[in-house]
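Some notes on the structure that comes next.
The values are calculated or read from the model by the stated rules, or taken from the named source; none is laboratory data. Since the model is a prediction, treat every value here as computed from it, not as a measurement. All Cβ positions, even for glycine, are placed from backbone atoms using ideal geometry, and neighbour counts span all protein chains on display. Keep in mind that these areas ignore ligands, DNA and RNA; they rest on the heavy atoms of the full protein, side chains included. Shrake-Rupley method; radii C 1.70, N 1.55, O 1.52, S 1.80 Å.
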Amino acid sequence: MKNDAEFLKGVYAKAEALSKEKEKYKYNKYIKYSSVAALFILIPILLLQNIINNNEPSPIEQPSPISQPRTTSFGNIDYSFSNAEYILKGSVVSKTSDDDYVELKLSIDEKLFGNDINNEIIAYGSKEIVNFLSDGTDVVVFLYEQDGDYFIFNDSEGILIEHLPNTYIDIFGNEYSIEDITKNIDRSR
């Protein structure tokens, strides 16, 4: 037969096990009821969104026009606005590509930010931007200067291509008017 100490030890162990099981049951009950409550909230929201969106034309029926190819990239063009030494509006006169980089000859129409610069400059960038540019393309470029040479800031993120008259598009598909660009420059400086 068990003595009193062993008997009490067994009773306390059993009580502790029952207590843990009761807490587990409460937790599972809480999860179950909160899941049901979330469904009661989410299902009407999804139904309402579907009803509202059915009144608008489907994007499949009317695709938005895209004049330039878009690529996926990781980064933030705001970094280019705040750290580029020059932000210039101009057009591509010619492009020459090498194995490692592309050399762009740019005709500068307007200096949006930076020191005075020649009306025609050579800028270097990564080879991937060749696919997006052709001679005569109007662009806004973000440049930095190193040893007298100009380089496109953050490669493809450092160039905006004219999408519509006075509207430029970045590599992420964001559109900027000249006013938007000057506001971004003022805000980031």
- Just one listed residue, out of F142, F172, is open to solvent by less than 30 Å² (accessible area, probe 1.4 Å), of a type outside the set (D, E) and either over 19 Å from the mean Cα position of the chain (by Cα) or farther than 15 Å from S107 by Cβ (or both), and it is F142
- Task: Write out, first by first residue and then by second, each pair whose Cβ atoms fall under 8 Å of each other, whose residues are 6+ apart or on separate chains, and whose first residue, in the stretch 137-153, is among the acidic types (D, E) while the second is open to solvent by 70 Å² or more (accessible area, probe 1.4 Å) and outside any strand (DSSP E or B).
- Result: E145/E85
- Message: Suppose we filter the stretch 154-165 for residues that are at pLDDT 85 or above and open to solvent by less than 30 Å² (accessible area, probe 1.4 Å); how many remain?
- Response: 4
- Message: Any residue that is within 22 Å of R187 (Cα to Cα) and open to solvent by 60 Å² or more (accessible area, probe 1.4 Å) - is there at least one of those in the stretch 82-91?
- Response: yes
- Query: Which one of these does S91 not meet: (1) in a helix (DSSP H, G or I); (2) at pLDDT 70 or above?
  - Reply: (1)
